[in-house]
Amino acid sequence: SKVRIYTLAKDLGVENARMLEILDGLGVAYKSVSSTIEEDTVELIKQILEEEGAAQAAPEAAQAADAQGPQAQGSAPQGPAAQAVAQAQPAAAQAVAEPEAATAEQASSEPAAREIPHRAPVVTIMGHVDHGKTSLLDYIRKTRVAAKEAGGITQHVGAFEAKTSKGRIVFIDTPGHEAFTTIRARGANVADIAIIVIAADDSLMPQTREAIAHAQAAKVPMIVAINKVDLPQADPERVKTDLTQLNLVPEEYGGDLIVVPVSAKTGEGVEDLLEYISLTAELEDLRADPKGEFSGVVIEGKVDKQAGVLATVMVQEGTLRVGDFLVVGESYGKIKAMTDSAGARIKDAGPSTPVQVLGFSAVPASGEKVQSAKNEHAAREVIATRADVRRDEENARDRRRNPRTLEDIMGPVGEVRTVNLILRADTQGSVEAIQGILARKEGEDVKINVMLAGIGAPTEGDVLLASTAEATILCFSVTAPGSVTKIADSKGIEIKAFRIIYELIDEVDRLIKGNVEPVF
Ligand code: GDP
(Lines give C-alpha, C1' and ligand atoms only; values in the text may rest on other atoms or scores of the structure.)
Protein backbone atom coordinates (compact mmCIF):
# COMPACT_ATOMS: atom_id res chain seq x y z
CA SER A 1 0.00 0.00 0.00
CA LYS A 2 1.03 3.64 -0.50
CA VAL A 3 2.34 5.86 2.28
CA ARG A 4 2.35 9.64 2.62
CA ILE A 5 5.82 11.14 2.82
CA TYR A 6 5.21 13.08 6.02
CA THR A 7 3.68 10.04 7.71
CA LEU A 8 6.71 7.97 6.85
CA ALA A 9 9.04 10.75 8.01
CA LYS A 10 7.25 10.83 11.34
CA ASP A 11 7.28 7.06 11.70
CA LEU A 12 10.99 6.87 10.97
CA GLY A 13 11.81 9.93 13.06
CA VAL A 14 13.45 12.02 10.33
CA GLU A 15 12.82 15.56 9.10
CA ASN A 16 10.50 16.05 6.11
CA ALA A 17 13.21 17.97 4.27
CA ARG A 18 15.61 15.11 4.73
CA MET A 19 13.06 12.66 3.46
CA LEU A 20 12.63 14.73 0.30
CA GLU A 21 16.36 14.79 -0.21
CA ILE A 22 16.53 11.05 -0.01
CA LEU A 23 13.70 10.85 -2.55
CA ASP A 24 15.55 13.27 -4.83
CA GLY A 25 18.60 11.07 -4.52
CA LEU A 26 16.53 8.12 -5.61
CA GLY A 27 14.99 10.05 -8.46
CA VAL A 28 11.48 9.53 -7.09
CA ALA A 29 8.92 12.11 -8.24
CA TYR A 30 6.69 13.84 -5.68
CA LYS A 31 4.73 17.07 -5.46
CA SER A 32 4.91 17.80 -1.76
CA VAL A 33 5.34 16.09 1.57
CA SER A 34 1.72 15.00 1.35
CA SER A 35 2.39 13.01 -1.81
CA THR A 36 2.29 9.24 -1.46
CA ILE A 37 5.10 6.85 -2.32
CA GLU A 38 5.19 3.17 -3.22
CA GLU A 39 5.96 0.43 -0.76
CA ASP A 40 9.14 -0.49 -2.64
CA THR A 41 10.41 3.05 -2.15
CA VAL A 42 9.59 2.88 1.53
CA GLU A 43 11.76 -0.20 1.83
CA LEU A 44 14.62 1.55 0.03
CA ILE A 45 14.38 4.57 2.28
CA LYS A 46 14.52 2.37 5.36
CA GLN A 47 17.60 0.69 3.95
CA ILE A 48 19.24 4.05 3.27
CA LEU A 49 18.57 5.30 6.76
CA GLU A 50 20.05 2.11 8.18
CA GLU A 51 23.18 2.56 6.07
CA GLU A 52 23.34 6.15 7.16
CA GLY A 53 23.21 5.10 10.78
CA ALA A 54 26.11 2.74 10.11
CA ALA A 55 28.04 5.50 8.29
CA GLN A 56 27.61 7.82 11.21
CA ALA A 57 28.99 5.15 13.48
CA ALA A 58 32.10 4.91 11.29
CA PRO A 59 33.60 8.42 11.25
CA GLU A 60 35.76 8.07 8.10
CA ALA A 61 32.80 6.91 6.08
CA ALA A 62 30.73 9.83 7.28
CA GLN A 63 33.48 12.23 6.38
CA ALA A 64 33.79 10.76 2.93
CA ALA A 65 30.08 11.16 2.41
CA ASP A 66 30.27 14.71 3.63
CA ALA A 67 33.05 15.70 1.27
CA GLN A 68 31.17 14.22 -1.62
CA GLY A 69 27.95 16.00 -0.76
CA PRO A 70 27.80 19.18 -2.80
CA GLN A 71 29.14 17.63 -5.99
CA ALA A 72 26.87 14.65 -5.71
CA GLN A 73 23.74 16.79 -5.65
CA GLY A 74 21.67 16.60 -8.77
CA SER A 75 23.72 13.86 -10.42
CA ALA A 76 22.07 10.65 -11.51
CA PRO A 77 21.67 8.16 -8.72
CA GLN A 78 24.22 5.39 -8.86
CA GLY A 79 24.14 2.97 -5.98
CA PRO A 80 21.04 4.74 -4.68
CA ALA A 81 21.54 4.05 -1.02
CA ALA A 82 25.10 5.35 -0.76
CA GLN A 83 24.29 8.34 -2.95
CA ALA A 84 21.35 9.43 -0.87
CA VAL A 85 23.41 9.12 2.27
CA ALA A 86 26.04 11.36 0.73
CA GLN A 87 23.39 13.95 -0.05
CA ALA A 88 21.45 13.77 3.12
CA GLN A 89 24.40 14.22 5.42
CA PRO A 90 25.71 17.68 4.63
CA ALA A 91 22.20 18.98 4.18
CA ALA A 92 21.21 17.78 7.61
CA ALA A 93 24.31 19.31 9.13
CA GLN A 94 23.64 22.66 7.47
CA ALA A 95 19.98 22.75 8.35
CA VAL A 96 21.01 23.23 11.96
CA ALA A 97 23.02 26.32 11.15
CA GLU A 98 20.44 27.80 8.80
CA PRO A 99 16.95 28.09 10.15
CA GLU A 100 16.00 30.21 7.11
CA ALA A 101 16.56 27.26 4.79
CA ALA A 102 12.81 27.17 4.21
CA THR A 103 11.70 23.68 4.94
CA ALA A 104 8.22 24.55 3.80
CA GLU A 105 9.43 25.56 0.37
CA GLN A 106 11.37 22.36 -0.04
CA ALA A 107 8.24 20.49 0.83
CA SER A 108 6.49 21.82 -2.26
CA SER A 109 9.51 21.30 -4.48
CA GLU A 110 9.44 20.06 -8.04
CA PRO A 111 10.29 16.43 -8.52
CA ALA A 112 13.54 16.73 -10.46
CA ALA A 113 15.87 19.38 -9.08
CA ARG A 114 16.10 20.05 -5.39
CA GLU A 115 14.25 23.31 -4.96
CA ILE A 116 16.17 26.51 -4.29
CA PRO A 117 14.28 28.55 -1.68
CA HIS A 118 12.63 31.86 -2.44
CA ARG A 119 14.32 34.99 -1.25
CA ALA A 120 13.04 38.42 -0.28
CA PRO A 121 12.92 41.10 -2.99
CA VAL A 122 15.39 43.98 -2.93
CA VAL A 123 13.71 47.24 -3.88
CA THR A 124 15.09 50.60 -4.91
CA ILE A 125 13.17 53.86 -4.95
CA MET A 126 13.90 56.33 -7.73
CA GLY A 127 12.29 59.47 -9.12
CA HIS A 128 12.51 63.22 -9.46
CA VAL A 129 13.81 65.38 -6.63
CA ASP A 130 11.12 66.39 -4.10
CA HIS A 131 8.63 63.85 -5.37
CA GLY A 132 8.79 62.09 -2.01
CA LYS A 133 11.34 59.25 -2.23
CA THR A 134 12.82 59.93 1.20
CA SER A 135 9.40 60.47 2.77
CA LEU A 136 8.14 57.18 1.37
CA LEU A 137 11.18 55.29 2.68
CA ASP A 138 10.75 57.00 6.06
CA TYR A 139 7.10 56.06 6.22
CA ILE A 140 7.84 52.43 5.42
CA ARG A 141 10.70 52.34 7.90
CA LYS A 142 8.56 53.87 10.64
CA THR A 143 5.65 51.51 10.14
CA ARG A 144 7.36 48.34 9.01
CA VAL A 145 10.52 48.00 11.03
CA ALA A 146 9.76 46.55 14.48
CA ALA A 147 9.25 49.31 17.04
CA LYS A 148 12.19 48.48 19.25
CA GLU A 149 14.49 48.52 16.27
CA ALA A 150 13.17 51.75 14.83
CA GLY A 151 13.07 53.31 18.29
CA GLY A 152 16.80 53.05 18.73
CA ILE A 153 19.18 55.35 16.95
CA THR A 154 18.82 53.70 13.58
CA GLN A 155 22.08 54.05 11.83
CA HIS A 156 22.01 54.67 8.15
CA VAL A 157 23.56 51.57 6.67
CA GLY A 158 22.26 51.88 3.13
CA ALA A 159 19.43 49.36 3.35
CA PHE A 160 16.71 48.18 5.69
CA GLU A 161 14.36 45.25 6.01
CA ALA A 162 10.62 45.79 6.19
CA LYS A 163 8.34 43.12 7.59
CA THR A 164 5.02 42.62 5.82
CA SER A 165 2.30 39.99 5.98
CA LYS A 166 3.75 38.57 2.75
CA GLY A 167 7.29 38.35 4.09
CA ARG A 168 10.38 40.51 4.14
CA ILE A 169 11.04 43.30 1.67
CA VAL A 170 14.51 44.83 1.60
CA PHE A 171 14.75 48.50 0.67
CA ILE A 172 17.85 50.24 -0.58
CA ASP A 173 17.98 53.30 1.59
CA THR A 174 19.75 55.70 -0.74
CA PRO A 175 17.06 56.99 -3.04
CA GLY A 176 17.84 58.09 -6.54
CA HIS A 177 19.24 56.49 -9.63
CA GLU A 178 22.83 57.55 -9.02
CA ALA A 179 23.27 54.95 -6.27
CA PHE A 180 21.48 52.37 -8.38
CA THR A 181 23.63 52.99 -11.42
CA THR A 182 26.90 53.33 -9.49
CA ILE A 183 26.34 49.78 -8.35
CA ARG A 184 25.33 48.64 -11.82
CA ALA A 185 28.30 50.35 -13.42
CA ARG A 186 30.52 47.90 -11.54
CA GLY A 187 28.65 45.03 -13.12
CA ALA A 188 26.51 44.18 -10.12
CA ASN A 189 22.74 44.13 -9.93
CA VAL A 190 21.28 44.62 -6.50
CA ALA A 191 17.71 45.74 -6.98
CA ASP A 192 15.05 43.31 -8.14
CA ILE A 193 12.27 45.88 -8.38
CA ALA A 194 12.35 49.64 -8.94
CA ILE A 195 9.70 51.91 -7.48
CA ILE A 196 9.39 55.03 -9.59
CA VAL A 197 7.94 57.77 -7.41
CA ILE A 198 6.02 60.46 -9.27
CA ALA A 199 4.36 63.34 -7.43
CA ALA A 200 0.69 63.62 -8.36
CA ASP A 201 0.92 67.41 -8.49
CA ASP A 202 3.97 67.51 -10.73
CA SER A 203 3.79 64.46 -13.02
CA LEU A 204 6.75 63.36 -15.15
CA MET A 205 9.91 65.42 -14.70
CA PRO A 206 13.41 65.07 -16.19
CA GLN A 207 14.70 62.86 -13.39
CA THR A 208 11.59 60.72 -13.62
CA ARG A 209 12.49 59.95 -17.22
CA GLU A 210 16.07 59.27 -16.19
CA ALA A 211 14.98 56.92 -13.43
CA ILE A 212 12.76 55.05 -15.89
CA ALA A 213 15.64 54.81 -18.37
CA HIS A 214 17.93 53.41 -15.69
CA ALA A 215 15.41 50.80 -14.59
CA GLN A 216 14.75 49.83 -18.20
CA ALA A 217 18.46 49.56 -18.97
CA ALA A 218 18.85 47.24 -15.98
CA LYS A 219 15.76 45.26 -17.07
CA VAL A 220 14.40 45.66 -13.57
CA PRO A 221 10.61 45.53 -13.29
CA MET A 222 9.05 48.86 -12.37
CA ILE A 223 6.16 49.81 -10.16
CA VAL A 224 4.98 53.41 -10.32
CA ALA A 225 3.96 55.01 -7.03
CA ILE A 226 1.96 58.17 -7.66
CA ASN A 227 2.75 60.07 -4.48
CA LYS A 228 1.17 63.05 -2.71
CA VAL A 229 -2.37 62.01 -3.60
CA ASP A 230 -3.45 63.76 -0.38
CA LEU A 231 -2.83 67.16 -1.99
CA PRO A 232 -5.90 68.97 -3.33
CA GLN A 233 -4.13 69.71 -6.60
CA ALA A 234 -3.15 66.04 -7.08
CA ASP A 235 -3.92 64.76 -10.56
CA PRO A 236 -3.10 61.06 -10.75
CA GLU A 237 -4.91 60.66 -14.07
CA ARG A 238 -2.55 63.12 -15.70
CA VAL A 239 0.43 61.09 -14.48
CA LYS A 240 -1.05 57.96 -16.03
CA THR A 241 -1.66 59.71 -19.35
CA ASP A 242 1.87 61.11 -19.34
CA LEU A 243 3.28 57.63 -18.70
CA THR A 244 1.38 56.32 -21.69
CA GLN A 245 3.32 58.76 -23.86
CA LEU A 246 6.51 56.96 -22.83
CA ASN A 247 4.94 53.68 -23.92
CA LEU A 248 4.40 52.75 -20.31
CA VAL A 249 0.76 51.79 -20.19
CA PRO A 250 -0.91 51.42 -16.80
CA GLU A 251 -2.87 48.23 -16.18
CA GLU A 252 -6.19 50.04 -16.05
CA TYR A 253 -5.50 51.39 -19.54
CA GLY A 254 -4.88 47.85 -20.77
CA GLY A 255 -1.11 47.78 -20.31
CA ASP A 256 1.01 45.93 -17.83
CA LEU A 257 2.44 48.75 -15.72
CA ILE A 258 1.41 48.61 -12.08
CA VAL A 259 0.52 52.09 -10.83
CA VAL A 260 -0.29 52.65 -7.16
CA PRO A 261 -1.59 55.96 -5.76
CA VAL A 262 0.05 56.64 -2.39
CA SER A 263 0.68 59.33 0.15
CA ALA A 264 3.90 59.24 2.13
CA LYS A 265 2.27 61.79 4.40
CA THR A 266 -0.94 59.98 5.36
CA GLY A 267 0.21 56.47 4.52
CA GLU A 268 -2.68 55.97 2.12
CA GLY A 269 -1.91 53.27 -0.43
CA VAL A 270 1.43 52.28 1.08
CA GLU A 271 -0.03 48.93 2.13
CA ASP A 272 -1.13 48.33 -1.48
CA LEU A 273 2.32 49.29 -2.71
CA LEU A 274 3.93 46.71 -0.42
CA GLU A 275 1.47 44.10 -1.66
CA TYR A 276 2.29 44.86 -5.28
CA ILE A 277 5.98 44.56 -4.47
CA SER A 278 5.40 41.09 -3.02
CA LEU A 279 3.24 40.15 -5.98
CA THR A 280 5.89 41.30 -8.45
CA ALA A 281 8.54 39.42 -6.50
CA GLU A 282 6.42 36.30 -6.69
CA LEU A 283 6.06 36.63 -10.45
CA GLU A 284 9.80 37.17 -10.77
CA ASP A 285 10.28 33.93 -8.81
CA LEU A 286 13.29 35.24 -6.94
CA ARG A 287 15.37 32.47 -5.44
CA ALA A 288 18.74 32.00 -3.87
CA ASP A 289 20.41 29.10 -2.16
CA PRO A 290 21.49 29.76 1.42
CA LYS A 291 23.61 26.63 1.14
CA GLY A 292 25.29 27.79 -2.05
CA GLU A 293 28.58 29.56 -2.44
CA PHE A 294 28.44 33.02 -0.90
CA SER A 295 28.34 36.07 -3.13
CA GLY A 296 27.33 39.61 -2.28
CA VAL A 297 27.62 43.23 -3.27
CA VAL A 298 28.85 46.24 -1.31
CA ILE A 299 26.04 48.75 -0.78
CA GLU A 300 28.24 51.32 0.89
CA GLY A 301 31.40 51.59 2.93
CA LYS A 302 32.69 54.10 5.43
CA VAL A 303 35.24 54.65 8.16
CA ASP A 304 33.92 54.84 11.70
CA LYS A 305 36.21 56.70 14.09
CA GLN A 306 35.83 54.05 16.75
CA ALA A 307 35.05 50.85 14.93
CA GLY A 308 37.22 51.25 11.83
CA VAL A 309 36.12 50.27 8.35
CA LEU A 310 32.42 49.41 8.16
CA ALA A 311 30.68 48.25 5.03
CA THR A 312 27.14 47.21 4.24
CA VAL A 313 27.06 44.08 2.15
CA MET A 314 23.97 42.65 0.51
CA VAL A 315 24.07 38.86 0.66
CA GLN A 316 22.93 37.58 -2.73
CA GLU A 317 23.74 33.87 -2.56
CA GLY A 318 24.86 31.57 0.20
CA THR A 319 25.37 32.49 3.82
CA LEU A 320 27.86 34.88 5.35
CA ARG A 321 29.29 34.02 8.75
CA VAL A 322 31.40 35.80 11.31
CA GLY A 323 34.94 34.51 10.90
CA ASP A 324 34.67 34.11 7.12
CA PHE A 325 37.26 35.78 4.98
CA LEU A 326 35.85 38.32 2.57
CA VAL A 327 37.39 39.13 -0.74
CA VAL A 328 36.64 42.50 -2.31
CA GLY A 329 38.41 43.56 -5.43
CA GLU A 330 41.87 42.21 -5.01
CA SER A 331 42.11 42.51 -1.25
CA TYR A 332 40.66 40.52 1.63
CA GLY A 333 39.72 40.79 5.29
CA LYS A 334 38.27 38.62 8.02
CA ILE A 335 34.78 39.33 9.39
CA LYS A 336 35.18 40.31 13.03
CA ALA A 337 31.55 41.21 13.65
CA MET A 338 28.27 41.60 11.78
CA THR A 339 25.09 43.52 12.52
CA ASP A 340 21.80 43.44 10.70
CA SER A 341 20.26 46.60 9.26
CA ALA A 342 18.51 47.31 12.58
CA GLY A 343 21.81 47.22 14.43
CA ALA A 344 21.44 43.82 16.10
CA ARG A 345 24.51 41.60 16.28
CA ILE A 346 24.21 38.50 14.14
CA LYS A 347 26.44 35.52 13.45
CA ASP A 348 25.21 34.59 10.00
CA ALA A 349 23.13 36.07 7.21
CA GLY A 350 21.39 34.43 4.27
CA PRO A 351 20.25 35.71 0.84
CA SER A 352 18.66 39.17 0.50
CA THR A 353 20.00 40.28 3.86
CA PRO A 354 21.87 43.56 4.17
CA VAL A 355 24.54 43.28 6.85
CA GLN A 356 27.02 45.72 8.22
CA VAL A 357 30.39 44.06 8.34
CA LEU A 358 33.41 44.93 10.45
CA GLY A 359 36.70 43.57 9.23
CA PHE A 360 37.46 45.02 5.82
CA SER A 361 41.02 46.22 5.50
CA ALA A 362 40.09 49.15 3.25
CA VAL A 363 36.83 50.98 2.50
CA PRO A 364 35.19 49.09 -0.36
CA ALA A 365 33.31 51.04 -3.01
CA SER A 366 29.60 50.55 -3.48
CA GLY A 367 28.87 48.08 -6.21
CA GLU A 368 31.98 46.00 -5.60
CA LYS A 369 31.34 42.30 -5.64
CA VAL A 370 32.19 40.33 -2.54
CA GLN A 371 33.12 36.69 -2.26
CA SER A 372 33.98 34.73 0.83
CA ALA A 373 36.66 32.20 1.61
CA LYS A 374 37.02 29.78 4.48
CA ASN A 375 40.61 30.74 5.26
CA GLU A 376 43.40 33.03 4.28
CA HIS A 377 44.85 30.61 1.77
CA ALA A 378 41.51 30.27 -0.01
CA ALA A 379 41.12 34.06 0.03
CA ARG A 380 44.44 34.44 -1.75
CA GLU A 381 43.31 31.94 -4.35
CA VAL A 382 40.12 33.90 -5.01
CA ILE A 383 42.22 37.02 -5.50
CA ALA A 384 44.49 35.21 -7.94
CA THR A 385 41.45 34.10 -9.96
CA ARG A 386 40.08 37.64 -9.91
CA ALA A 387 43.35 39.04 -11.19
CA ASP A 388 43.12 36.56 -14.08
CA VAL A 389 39.55 37.57 -14.86
CA ARG A 390 40.49 41.23 -14.74
CA ARG A 391 43.35 40.69 -17.18
CA ASP A 392 41.03 38.79 -19.52
CA GLU A 393 38.53 41.62 -19.36
CA GLU A 394 41.21 44.20 -20.00
CA ASN A 395 42.38 42.23 -23.01
CA ALA A 396 38.83 41.98 -24.30
CA ARG A 397 38.42 45.72 -23.88
CA ASP A 398 41.63 46.35 -25.78
CA ARG A 399 40.34 44.11 -28.52
CA ARG A 400 37.17 46.16 -28.74
CA ARG A 401 39.20 49.33 -29.00
CA ASN A 402 41.48 47.83 -31.65
CA PRO A 403 39.17 45.42 -33.37
CA ARG A 404 40.90 42.55 -35.11
CA THR A 405 38.22 40.15 -36.15
CA LEU A 406 34.84 40.54 -37.73
CA GLU A 407 33.21 39.32 -34.53
CA ASP A 408 35.09 41.88 -32.46
CA ILE A 409 33.55 44.60 -34.57
CA MET A 410 30.15 43.21 -35.29
CA GLY A 411 29.38 41.17 -32.25
CA PRO A 412 28.04 37.66 -32.66
CA VAL A 413 27.17 36.85 -36.27
CA GLY A 414 23.51 36.77 -37.26
CA GLU A 415 22.19 38.93 -34.45
CA VAL A 416 20.38 42.19 -34.82
CA ARG A 417 22.91 44.86 -33.98
CA THR A 418 21.89 47.48 -31.48
CA VAL A 419 23.28 51.00 -31.38
CA ASN A 420 22.79 52.28 -27.86
CA LEU A 421 22.43 56.04 -27.58
CA ILE A 422 21.83 58.62 -24.93
CA LEU A 423 20.43 61.79 -26.35
CA ARG A 424 20.71 65.21 -24.76
CA ALA A 425 19.29 68.36 -26.33
CA ASP A 426 18.36 71.92 -25.44
CA THR A 427 14.62 71.67 -25.91
CA GLN A 428 11.87 69.06 -25.98
CA GLY A 429 11.27 70.08 -29.61
CA SER A 430 14.78 69.13 -30.69
CA VAL A 431 14.66 65.89 -28.70
CA GLU A 432 11.50 64.91 -30.54
CA ALA A 433 12.78 66.00 -33.93
CA ILE A 434 15.95 63.93 -33.54
CA GLN A 435 14.07 60.92 -32.25
CA GLY A 436 11.72 61.13 -35.22
CA ILE A 437 14.62 60.99 -37.68
CA LEU A 438 16.38 58.21 -35.78
CA ALA A 439 13.28 56.05 -35.80
CA ARG A 440 13.39 56.03 -39.61
CA LYS A 441 17.01 54.85 -39.59
CA GLU A 442 16.20 51.54 -37.98
CA GLY A 443 16.54 48.60 -40.28
CA GLU A 444 16.10 44.86 -40.15
CA ASP A 445 19.60 44.29 -38.89
CA VAL A 446 20.06 47.47 -36.87
CA LYS A 447 18.14 48.61 -33.86
CA ILE A 448 18.63 52.12 -32.52
CA ASN A 449 18.05 52.06 -28.82
CA VAL A 450 17.69 55.53 -27.34
CA MET A 451 18.18 54.62 -23.70
CA LEU A 452 17.49 58.09 -22.50
CA ALA A 453 16.41 61.26 -24.27
CA GLY A 454 16.55 64.28 -22.02
CA ILE A 455 16.70 68.02 -21.96
CA GLY A 456 19.85 69.68 -20.69
CA ALA A 457 23.52 68.79 -20.41
CA PRO A 458 24.56 65.17 -19.89
CA THR A 459 25.12 64.17 -16.28
CA GLU A 460 27.38 61.80 -14.39
CA GLY A 461 24.41 59.45 -14.20
CA ASP A 462 24.22 59.42 -18.01
CA VAL A 463 27.85 58.37 -18.21
CA LEU A 464 27.26 55.53 -15.78
CA LEU A 465 24.17 54.49 -17.69
CA ALA A 466 26.18 54.60 -20.92
CA SER A 467 28.94 52.52 -19.39
CA THR A 468 26.53 49.75 -18.42
CA ALA A 469 25.39 49.41 -22.02
CA GLU A 470 28.35 50.69 -24.05
CA ALA A 471 26.26 53.57 -25.30
CA THR A 472 27.39 56.76 -27.02
CA ILE A 473 26.20 60.07 -25.65
CA LEU A 474 25.07 62.54 -28.32
CA CYS A 475 24.48 66.18 -27.43
CA PHE A 476 22.60 68.73 -29.45
CA SER A 477 23.09 72.38 -28.50
CA VAL A 478 24.23 71.42 -25.02
CA THR A 479 27.71 70.68 -23.74
CA ALA A 480 28.91 68.39 -21.01
CA PRO A 481 30.42 69.99 -17.91
CA GLY A 482 34.13 69.31 -17.43
CA SER A 483 33.52 66.97 -14.50
CA VAL A 484 31.25 64.80 -16.62
CA THR A 485 33.69 64.74 -19.55
CA LYS A 486 36.41 63.61 -17.18
CA ILE A 487 34.39 60.67 -15.89
CA ALA A 488 33.40 59.78 -19.43
CA ASP A 489 37.08 59.73 -20.45
CA SER A 490 38.00 57.52 -17.54
CA LYS A 491 35.29 55.05 -18.49
CA GLY A 492 35.95 55.14 -22.21
CA ILE A 493 32.55 56.64 -22.99
CA GLU A 494 32.27 59.02 -25.93
CA ILE A 495 30.34 62.25 -25.58
CA LYS A 496 29.83 63.95 -28.92
CA ALA A 497 28.36 67.43 -29.22
CA PHE A 498 26.65 68.94 -32.28
CA ARG A 499 25.07 72.26 -33.20
CA ILE A 500 23.41 71.08 -36.40
CA ILE A 501 20.90 68.24 -36.31
CA TYR A 502 22.09 66.69 -39.55
CA GLU A 503 25.63 66.45 -38.30
CA LEU A 504 24.33 64.53 -35.35
CA ILE A 505 22.38 62.27 -37.67
CA ASP A 506 25.52 61.73 -39.79
CA GLU A 507 27.28 60.59 -36.66
CA VAL A 508 24.50 58.09 -36.00
CA ASP A 509 24.94 56.85 -39.58
CA ARG A 510 28.61 56.35 -38.89
CA LEU A 511 27.80 54.44 -35.71
CA ILE A 512 25.40 52.24 -37.64
CA LYS A 513 27.94 51.64 -40.40
CA GLY A 514 30.68 50.99 -37.87
CA ASN A 515 28.54 48.22 -36.67
CA VAL A 516 27.64 46.65 -39.98
CA GLU A 517 30.51 47.39 -42.33
CA PRO A 518 33.85 46.58 -40.81
CA VAL A 519 36.75 48.42 -42.36
CA PHE A 520 40.01 46.51 -42.42
P1 GDP B 1 12.74 63.37 -2.36
O2 GDP B 1 13.60 64.50 -2.79
O3 GDP B 1 12.14 62.66 -3.52
O4 GDP B 1 13.40 62.42 -1.40
O5 GDP B 1 11.48 64.03 -1.62
P6 GDP B 1 11.17 64.22 -0.07
O7 GDP B 1 10.79 62.93 0.55
O8 GDP B 1 12.29 64.97 0.56
O9 GDP B 1 9.87 65.11 -0.13
C10 GDP B 1 9.87 66.42 -0.67
C11 GDP B 1 8.78 67.23 -0.02
O12 GDP B 1 7.51 66.69 -0.31
C13 GDP B 1 8.89 67.28 1.49
O14 GDP B 1 8.57 68.56 1.92
C15 GDP B 1 7.85 66.28 1.96
O16 GDP B 1 7.32 66.60 3.22
C17 GDP B 1 6.79 66.42 0.88
N18 GDP B 1 6.04 65.18 0.70
C19 GDP B 1 6.55 63.96 0.44
N20 GDP B 1 5.56 63.05 0.30
C21 GDP B 1 4.40 63.72 0.46
C22 GDP B 1 3.01 63.33 0.41
O23 GDP B 1 2.64 62.19 0.19
N24 GDP B 1 2.09 64.33 0.61
C25 GDP B 1 2.45 65.61 0.85
N26 GDP B 1 1.48 66.49 1.02
N27 GDP B 1 3.72 66.00 0.90
C28 GDP B 1 4.70 65.08 0.70
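Test of understanding: what is the full-extension gain from Lys10 to Arg321, defined as 0.36 nm times their sequence separation minus their Cα-Cα distance?
Here the segment from Lys10 to Arg321 would lengthen by 108.7 nm.
How large a share of the accessible area of the stretch 429-472, in percent, is made up of carbon and sulfur atoms when the probe is 1.4 Å and the other protein chains stay in place? Present the calculation step by step, with values, prior to reporting the outcome.
On the way: 840 of 1900 Å².
The nonpolar share, carbon plus sulfur, comes to 44 percent.
What distance in nm lies between label points placed 7 Å from Cα along the C-beta direction at Glu293 and Glu432?
For the pair Glu293/Glu432, the computed spacing is 5.3 nm.
Say each of Asp285 and Glu237 gets a label point 7 Å from the Cα, pointing the same way as Cα to Cβ; how far apart are those two points in nm?
With each label point 7 Å from Cα toward Cβ, the separation is 4.0 nm.
Each residue of the stretch 281-288 in order: what ³J(HN,Hα) in whole Hz does its phi give by Karplus 6.51 cos²θ - 1.76 cosθ + 1.60, θ = phi - 60°, with x for Gly and Pro?
So the J values, rounded to whole Hz, are 4, 4, 5, 6, 6, 6, 9, 7.
Could you compute the FRET efficiency for Lys142 and Thr418, with r as their C-beta to C-beta distance and R0 at 45 Å, rounded to 0.05?
0.55
Where in the stretch 257-286 are there GluC sites (Glu not before Pro) that are in a DSSP coil and have at most 15 other Cβ atoms within 10 angstrom of their Cβ?
Glu268
List the extent of the Cα atoms of the stretch 216-281 along each of their three principal axes, largest first, rounded to whole Å.
Projected onto the principal axes, the Cα atoms of the stretch 216-281 cover 32, 27, 21 Å.
Using a Förster distance of 41 angstrom, determine the FRET efficiency expected from the C-beta separation of Val446 and Glu38, and round it to 0.05.
Computed FRET efficiency for Val446 and Glu38: 0.10.
Give the long-range amide H neighbours of Phe476: residues separated by 5 or more places, or on another chain, with amide H under 5 Å away, using H modelled in the peptide plane at 1.01 Å from N.
Excluding prolines and chain starts, which carry no amide H, the hits are Arg424, Ala425, Asp426, Phe498.
Across the stretch 194-199, in residue order, what do the Karplus-derived ³J(HN,Hα) couplings come to in whole Hz, using 6.51 cos²θ - 1.76 cosθ + 1.60 with θ = phi - 60° and x for Gly and Pro?
For the stretch 194-199, the Karplus curve yields 10, 9, 9, 8, 10, 6 Hz.
Trypsin sites (Lys or Arg not before Pro), restricted to the stretch 221-269: which are DSSP loop and have at most 15 other Cβ atoms within 10 Å?
Numbers: sites: Lys228, Arg238, Lys240, Lys265; in loops: Lys228, Lys265.
Counting only loop positions with at most 15 other Cβ atoms within 10 Å, the trypsin sites (Lys or Arg not before Pro) in the stretch 221-269 are Lys265.
Please list 3J(HN,Hα) in residue order for the stretch 245-251, calculated via the Karplus relation 6.51 cos²θ - 1.76 cosθ + 1.60 where θ = phi - 60°; whole Hz, with x for glycine and proline.
Running phi through 6.51 cos²θ - 1.76 cosθ + 1.60 with θ = phi - 60° gives 5, 8, 6, 10, 9, x, 3 Hz.
Around Arg4, with a cut-off of 11 angstrom between Cβ atoms, what is the net charge of the other residues, counting Lys and Arg +1 and Asp and Glu -1? Mind dumping the intermediate values first?
Details: positive: Lys2, Lys10; negative: Asp11.
My count for the surroundings of Arg4 gives +1.
All other residues with a Cβ under 9 Å from the Cβ of Ser203 taken together, and with Lys, Arg as +1 and Asp, Glu as -1, what is their net charge?
Net charge around Ser203: -3.
The values are calculated or read from the model by the stated rules, or taken from the named source; none is laboratory data. Just so you know, these numbers come straight off a predicted model, no measurement behind them. Counting neighbours? That spans all protein chains shown, and the Cβs are built from the backbone with ideal geometry, glycine included. Accessible surface areas use protein heavy atoms only, side chains included; no ligands, DNA or RNA. Shrake-Rupley method; radii C 1.70, N 1.55, O 1.52, S 1.80 Å.
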